[in-house]
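We did not get these values from a lab; they are worked out from the coordinates using the rules stated. A quick note: this is a predicted structure, and the numbers were derived from the prediction, not measured. All Cβ positions, glycine included, derive from the backbone under ideal geometry; neighbour counts span all protein chains shown.
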Amino acid sequence: MHWWLPLKGSTFAGEVDGLFLAITIITGIAFVLVEVGLIWFVVKYRQRPGQKAFYTHGNTRAEVIWTTIPAVTMVALGLISNHYWVKIKGRHSVPANAYPIAIHAKQFEWQVTYPGADGQLGTPDDFTVRNQLHVPVGRPVVVHLSSEDVIHSFFVPVFRVKQDAVPGMDINAWFQATVPGTYELGCAELCGLGHYRMRAQVVVHTQDDYDAWMKQAAQEASP
Amino acid sequence: MRKLGAVAATGAVLALALAAWTRQPSPPAQGGGTISGKVKFTGTKPAMPKIDMTEEPKCKAKYQGVPTEETVVVNANGTLANVFVYVKSGLPGSYTAPAPAGPVTLDQDGCRYHPHVLGIQVGQGLAIKNSDGILHNIKAKAKANRPFNISQPSVMTSTKTFDKPEVMVPLECNVHGWMHAWLGVLPHPFFGVSGADGSFTLKGLPPGTYTIEAWHERYGAQTASVTVAGSETKTADFSFAAK
Amino acid sequence: MTTVAATAHTTPAHHDDRSFIRKYIFSTDHKIIGIQFLFVSLFFLLVGGLLAMQMRWQLAYPGQPMPGGGILPESMAPGGVILPEYYIQLVTMHGTFMVFFAIMPLLVGVFANFLIPLKIGTHDMAFPRINMWSFWSFFAAGLVMLSSLFVPDGAARAGWTMYAPLSARHDYSGASLGQELWSVSIILVGLSSILGSLNYITTIINNRAPGMTWFRLPLSVWSLFITAILGLLALPVLSGAAIMLLFDQIIGTHFFDPGAGGQALLWQHLFWFFGHPEVYILILPAMGMVSDIIANGSRKPIFGYHSMVFAIIAIAFLGWIVWGHHMFMSGMNPTLGSSFMVSTLVIAVPSAVKVFNWMGTMWRGNIRFHVPMLNAVAFVAMFAIGGLSGIYMAATPVDMFIHDTYFIVAHLHYVLFGGSLFALFGAIVYWYPKMFGRMMSERWGKVHFWLTFVFYNLVFFPMHILGMGGMMRRLYDPSQYKFLQPYQPMNVFISISAFLLFATQLIFFVNFWWSLKKGKLAPQNPWHDNGLEWSLPSPAPHGNWEKVPTVYRGPYEFSSPQAAEDYLPQYTKLPTDREPARAPVAGH
């Protein structure tokens, strides 16, 4: 069991995790200040005979300081986060040479359509497989997400990628896998009674392995 | 004497009338008439897509080879299986058939429905069994009857009934998208499904002229008109052509 | 310096010749209405808890028959084993009951009704009959929602957020009447809220006692005032959305059905445009009451009263422009992701300011740890955690990972339970004497507090870890995923802690009910507080005062050099005080 985040399996996993760590440090400092402060005050200023409270209505300088520091921190965090947001999800974020795979989400399965030998979707050599996402390592992959019925969400924890699949919309989500292996994909938006089992296997292959798999899968998928 | 005769005659007439009034439709004499036949298939047998059960190891393990979809099952002798044959019309208006006490079982085994096509009487129980022990849901997309969608996450049996005739109610599992079955709900027991030898038999029919229908999920429906009397057997064959 | 007792003098009302029905059932008295809300909401809090206990059983022991599960019908739990469709009904109804029928009515229905006229110095609300309707529409809404559990095909099951098209189409969800009853109930609950808001806003603006200027209002009243404005503007959006959903469900419209020209995302925008102000409705009154209690417990004025007021207003204002942070992954334009991220990060600032001001109030105080103070300090500690965890979600790249995982579940429970519910425990104990004329048991209040505090953290803190591991929300059986199987022991740990947490709440319930008849008789001002309500007997009489009091100072004059005691009520006239310029409201 991990006590932290899962294996970093994509190019932006490092960035997402880095941001997560940065936020942990910032919020950690605030957490310690507040909680330790509270415990200290609770102990130090508990009622004692003869003790009187200090009659004051506040301190403007304190207000300015503890408004400004959080405000500046939040703005800085926003600017940094936005940089990565645009990189990962921005309208021009999908790399030009990304390998296309279409995923059609349906209660309760993922219909994965591969472009076949010609590498292009929408051609006769495309083939569809249920619940198996195979991708080559080290290459950007763009998933064209669609939904048959309700809102589902495409989530691969090790890639740190998540994108809702919305009926009536075609949405792109891209990632680049970095570690060969077998992982899992889960549905991350409640979609009905089978939501908890709407999972798929994700296999990251080396390029040679991938070509071999592609040939074999294309054959098996054809009637 | 004449008075007695009159009374006796009246009584006899009354008795006959009473008997006629309370007469049940005569039970099929010695089992009644039979309609049987074969469903032939002409043309090239279509290849059925393979089912990849890799994501469901418990089901995949139940097969030696790779299972295929069951949309079109052509038997070795050139006949078509899974054709639902039933009496569409022709029964007397007064005919009633009580629903059998015992249920019809639909089993989910190896991530497939067994049988693929089945019939049931109105009011009869459909015992839906999950022999796989993994999550199946049964979605009945009925139109005349109340649709339902229930899950069975483990080995269990759920029973449902249908209170209106409907040909055919599609059944599907959404966890395993290849799982489909077809259910015919009828107000009488005169239906059957063509099996591994392509034959069907409808037994116990009261005398009359019937329209029987043969329904297939891909090739549509065909009808035939058959008259039976007493306990004779009549043949009605059907033929579906590859599209 | 003068003693408080010698100069505290107001004229409580005496005359009350109403019938039993008029007095206690169809009452227009704001205090009775507040108590009606209290009894009914506590019942729904219990219902919400029972639903959660079933969820926790299934999560810890997937597929195992639940003890007592035999009483559930086959369609929900055959042989006591919870079915997936029942599990998502539990998830949906737990959220729905807790948000709309427990926390919101406890904070607003109870305390806005009970406190506002008492704390601003007037006889009742501006529109007492509308107030009565506000309660009865809430009651009707609750009955409708409860009934949806018992109808054929079961209750609504698309999450309390009710995303379309899953919620709009019976063939997708498997539910039918239950989904529709949810929509009807929500429309009624929205009506209840709107009627209440009308009263609170009008009463606070128009009916304050002489001398009760805006900046002498207690923070509890400020927060209830701002909350009422939020409610008035937000609930109609929810009601509108619920009507559209109901029409999609029953009369064949397709607002949310893309197959027929509608849009799935439309529901999300409408729901969250309401939903975000809603969560501020769920926390601001708690913050206000906590301020009153902390000042009282610390025997010190609130630190930075004006900042606190501006922070409440800032949170409420900013709350209107952050709704998209619930939709970062929804497929909406990514540029909106950037703009909503900025507004969301900014809203952290006024919340932080409030936390520092509460700490400032305690600093150099003379702190009494009565039960309300214990709960109020816990509020600050737990709300801080909940608020800080929100920062992870505000950062959109991180949200991409933690959206729809247990990290979110942890966050929302830290603010709603660790925040609002602790504040409610404190507030109920605090104002109980003025409601019922008796004190709740101090000893059992402390036992309840400490056990709740420990078990509550054991339940919800580990959920952050589950979320970081990638465990998604609303999963009937997480062990279906290989990567989640190692977390199963943690799920068991959380569930056992949850069962203990639930059992502990029985202490509160017993204390509450037992003390109604057997509690120590309450003095007029048991907490030595400064608010106008403490000038009345315990319990407060119908009509409150014969003649409303006059207000001479702010609500937090604790340890003032002008008084011998460490408190100085708002209504006490010192020789140095002048009469306020404003004449009393006509007719008072």
Would you list A:57, C:326 from fewest to most Cβ contacts within 10 Å?
A:57, C:326
Between the alpha-carbon centers of region C:185-205 and region C:135-159, tell me the distance in whole angstrom.
20
Relative contact order %, region A:99-221, counting alpha carbon pairs below 8 Å whose residues are six or more apart
28
What's the exposure ranking of C:129, C:56, going from fewest to most Cβ atoms within 10 Å?
C:129, C:56
If you scale each eigenvalue of the Cα gyration tensor by 5 and take the root, what three semi-axes come out for region C:28-547, rounded to whole angstrom and sorted largest first?
36, 25, 24
Taking the alpha-carbon centre of each part, the distance from region C:448-497 to region A:162-214 in Å is 25
Once phi is turned into ³J(HN,Hα) by the Karplus curve 6.51 cos²θ - 1.76 cosθ + 1.60 with θ = phi - 60°, what whole-Hz value does each residue of region B:147-153 show in order, with x for glycine and proline?
x, 8, 8, 10, 10, 9, x
Once you order the gyration tensor axes a ≥ b ≥ c over the Cα atoms, which shape class does chain B get: rounded for a/c under 1.5, otherwise prolate or oblate by comparing a/b with b/c?
prolate
What is the antiparallel percent of DSSP beta bridges lying wholly in the protein assembly as shown, to the nearest 5?
70
Within-13-Å neighbourhood charge of residue A:11 [Cβ basis; K, R +1; D, E -1]
+2
Pull the list of the protein assembly as shown cysteines that no other Cys approaches to under 4.7 Å, Cβ to Cβ.
A:187, A:191, B:173
Which cross-chain or sequence-distant (5 or more) residues have an amide H under 5 Å from the amide H of residue B:113, H modelled 1.01 Å from N in plane?
B:180
Diffing region C:134-139: the Karplus 3J(HN,Hα) column from phi (6.51, -1.76, 1.60, θ = phi - 60°), in whole Hz with x for Gly and Pro, holds 4, 6, 5, 5, 5, 4
From DSSP H assignment alone, runs of 4+ in chain C each adding -39500 (n - 2.57), the sum over residues rounded to the nearest 500 puts [θ] at 222 nm at -19000 deg cm²/dmol
Can you list residues from other chains, or at least 5 along the same chain, whose modelled amide H is less than 5 Å from the amide H of residue C:212?
C:551
Kirkwood-based Rg/Rh on the Cα set of region C:216-262 evaluates to 1.35
Tell me the relative contact order for chain C as a rounded percent, counting alpha carbon contacts under 8 Å between residues six or more apart.
20
Could you put A:196, B:210 in order, starting from the residue whose Cβ has the fewest other Cβ atoms within 10 Å?
B:210, A:196
Could you list, in their original order, any pairs among C:119/C:517; A:8/C:482; A:106/C:482 whose Cα atoms are separated by more than 24 Å?
C:119/C:517
Restricting region B:127-178 to trypsin sites (Lys or Arg not before Pro) in coil, as DSSP defines it, with at most 15 other Cβ within 10 Å:
B:141, B:143
Under the Karplus relation 6.51 cos²θ - 1.76 cosθ + 1.60, θ = phi - 60°, what is the ordered set of whole-Hz ³J(HN,Hα) values for region B:198-209, x standing for Gly and Pro?
x, 9, 9, 9, 10, 10, x, 7, x, x, x, 10
Considering only Cα-Cα distances, which of the following residue pairs are longer than 18 Å: A:44/C:300; B:88/B:234; B:58/B:129; A:52/C:446?
A:52/C:446
Using amide H atoms built 1.01 Å from N in the peptide plane, name the residues 5+ places from residue A:161, or on other chains, whose amide H lies under 5 Å from its own.
A:156
So how tilted is helix B:2-21 from the main axis of chain B? Cα-based, degrees 0 to 90, rounded to 10.
10
In nm², what is the average projected area of the convex hull enclosing the Cα atoms of region A:99-221?
6.8
Please report the spacing between the Cα centers of region C:33-48 and region C:542-563 in Å, no decimals.
30
If I model the protein assembly as shown as equal point scatterers sitting on the Cα atoms and use the Debye formula, what is log10 I(q)/I(0) at q = 0.05 Å⁻¹?
-0.40
Where does the charge balance sit around residue C:434 when Lys and Arg score +1, Asp and Glu -1, over other residues with C-beta under 14 Å from its C-beta?
-1
Net charge within 12 Å of residue C:259 by Cβ-Cβ distance, Lys/Arg positive one each and Asp/Glu negative one each, not counting residue C:259 itself?
-4
So which residue, out of B:110, B:177, B:32, gets the largest mean-square fluctuation from a GNM of chain B using Cα contacts under 10 Å as springs?
B:177
